[in-house]
Each structure stands twice: as C-alpha cells, then as structure tokens.
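Report on the following structure.
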Amino acid sequence: MKNKKIVLGSILTLLIAFIAVTYYYQNKKSEEYSALLAKKQQYLQRDYSIVEGNKDAKVQLVEFFDPACGTCAQFYPHVKQIMKKNEGDIKLVLRYTPFHQNSDFAVRVLESARKQGKFFDVLEFMFSTQRYWIDHHVVNPKKLISILPKSGVDMSKLAEHINDEEITKRIKQDLADAKQLNVTKTPEYFVNGKPLEKFGLQELKDLINSEL
C-alpha cells in the first residue's frame, strides 16, 4: 500500500512537472510569435504610410505597388470594389516599390500631390493614363509632367515638394521593408500579415474573406 502511494505520488509529481514545463514552453512560444508578428508589422506599415478606410478595421490589406505597373492599374478598381463591399472592415495600406525605371519620379509626383490632399485623384489619373507616360516599361518624366495639369493638381505647389528629402527617405524605407518581406514583383498583397501565396483576384478575395 505504501509503495503504491509512493508510485502514485511520483507519477503525480512528474505529471505536474510535465504540465508546468509544457505551459512554460507554450507561453514562451506564444511570446516569441507575438514578438515576430510585431516585428513583421513594422515592415508592413509605417507611421507615414498611406492608409485608406477604417484605421481600426479587422482586416489590414497591405499593397506594395509601382505607379508604372500595368497589373497594379488593372487591380486598383477591384481593390476599390472590395473596400466598398466591406466598408469599415478593411483598411488599405499602400507602400511604394518603384521597380520600373524612373518610377521613383512617379512616386515623387504622388507624394507631392498628397501634400495637396490629391493623392488618390492623381493615383487614379496616373493609372488611367499609363500609356501616355510610359515607354516600353520606362517612365518618361517629361510626358508625365505634360499631362498632369489634367489631374487637377496644382503644378506650382507640386514643383515645391517634388524633390523633398523626406520623399527620398520614404522610398528607401518602403523598398527596404519590401526586401524584408521578400517582395519581388508588383502588386504584392498581405492580408493581416499573410502573403498572397498564389497571385490572382479570386485568391485575393478568398484570403480577405478568410480573415473577415
């Protein structure tokens, strides 16, 4: 009887020890995962990033894009439609990845227009007129400037800010974050930190719906 009590006591002690160790490692793993998510989040969104929609939305849709990217222009109306359909539930975060030659100039135009509260007006204008200011996948700054007045932007104010050092810093930071997230093409999407593994409109909708 005494031996049975000793055996039971030993088993109970081992069981408690096992539970304690398991809890410790699970808790540590959870903390490490939370830290990893927090670190990844800084690569997804910066304090200067363009954010459209409810800032406290359940779903964060991050898009790394290039103003000279044809696919970005094609997907833009679909992203707008998704945002409208799920109004209040999704926030769109736009990040710059000017991979095309001279695309950094197009980004400068957007950031300068942003100072006038004209970011999305100019973005939509640029997407709809790409054929006029892109030659063989290369941005032609002179052609872009020549048609920009039609976007409604104040050209004199645009000229004041287009060479701001702050824009240079933002471009460099966005490209650095894109590199950390293995972004090699545009558009590239992340939904609540999850990358779009297989590119496609339906795949994007499915990933968003899974988070909603």
- Rounded to 0.05, the calculated FRET efficiency for the beta carbons of ASP56 and LYS85 at R₀ = 25 Å is 0.85
- Query: Distance in nm between label sites at ILE145 and LYS205, each 7 Å beyond Cα in the beta-carbon direction?
  - Reply: 4.3
- When all C-alpha to C-alpha distances in the stretch 112-212 are sorted into bins of 5 Å, what percent of pairs does each bin hold, rounded to whole numbers? 2, 10, 15, 16, 19, 18, 12, 7, 2, 0
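Computed from the coordinates by the stated procedures, all read-outs in this text should not be read as laboratory data. Because the structure is predicted, anything quoted here is derived from the model rather than measured. Ideal geometry is used to build each Cβ from the backbone, glycine not excepted, and the neighbour counts take in all protein chains shown.
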